[in-house]
Structure formats: structure tokens, C-alpha cells
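See structure below.
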Amino acid sequence: MNLNKAIVAGNLTRDPELRTMPSGGHVVTFGLATNRFWKDQNGAQQKDTQFHNIVAFGKLAETTAKFLVKGRLALVEGRIQNRSYVAKDGQKRYTSEIVAEVIQFGPQGGQGGGTMSSQAKVADAPAAEPMPDVPVVSEDEETPKNAKRKVQNVKETKGKEKPKDDDEFDIEEDIPF
């Protein structure tokens, strides 16, 4: 069995660049940054940022160029592709990119209607508000083995359900599955 699947969610590092191929089809390229947070052995918060090159073709390319802008959150699902090309200086270069099959747009975050393409932006347009923080779940967060949770229990009285005070229960002992 073979599988080549990539799923990344992050913020665009540049506006999507829409081009037309000689065949008449459309292709869009943009960058996406993803962050990873963890605590090192000393307990200090660490951060690693990875940059991904994204490519999309056809109708997906057109829609992406129309609605996405630098800084906007997006989830990209696709396949990893490695290729080589000859740079302007004549050197052979290699690159890895994600060829998008599905792109989900994140919240607009105060960036207006989101229907303007990056080429149609007006120079005197108001600056976009910063994106709201996205919650991050760290890889190394531990859940206590005997975690206690408060829940509202329901006690039956005279055929009527009535809530009683908050009570603690043990997840490992009180959940039947």
C-alpha cells in the first residue's frame, strides 16, 4: 500500500500568485507557515516554524487567489511533490511542495469581504486587523492519570429529574467504557 498525504494548517506567508499555464489552465502558488510548540527539558517554552510551498490547479487555484490573502488562516490537504527546475542563474534547483487537493479557508479576521483578489487591492484600503489567536495543543502536555472532572449529576425525584450540586468523579473508575 502506498500513501502520499499531507495536511497542514497555518497562516499564509504571502498573497497567492495566480498564473495561466500554456494550456490555458490556472495555477496558484503561495506559502504557508505552521508552528509547533513544546517545552524543553528545562521547562522553557520552545517554538519551531516550518514554511511550506503550496500549489493548486484549475478552479481551486482561481478560488484560492480570489479569497486568500497574506496572514489568513487556511487548512491545506494534498500530496507532497518533489521536483527540479533550472534557476535564472542556470543552476539546477530542487524543491518540495504540497499539491493541494482541498483548501479550507479560515476566518476572515477583520480582513473585509474576502472577495477581492490580491491584485485588485487598493493602496489606500484600511489595514487588516490582526488574526485572533488560534488555540494550540502542545505535544508534550500530559493528562493526569487520575484526572478529576466536575460534572452536574442529575437525581431523580418523584418522576422528575432535578439537578444536584457539582460532584467529582474519577474518569478511570466511573466511565463504563
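Excluding residue 31 itself, calculate the net charge of residues whose Cβ lies under 14 Å from the Cβ of residue 31, where each Lys or Arg counts +1 and each Asp or Glu counts -1. Numbers along the way, then the final one.
Numbers: positive: 14, 70, 72; negative: 15, 17, 97.
Cβ neighbours under 14 Å give a net charge of 0.
For every other residue with a beta carbon closer than 11 angstrom to the beta carbon of residue 13, add +1 if it is Lys or Arg and -1 if Asp or Glu, then tell me the sum. Show your work: numbers first, answer last.
Details: positive: 14, 70, 72; negative: 15.
Charge balance near residue 13 sits at +2.
No value in this document is a laboratory result; all are computed from the given coordinates. Owing to the predicted nature of the structure, the values given are computational and were not obtained by experimental measurement. Positions of Cβ are generated from backbone atoms using ideal geometry, with glycine treated the same way; all protein chains shown enter the neighbour counts.
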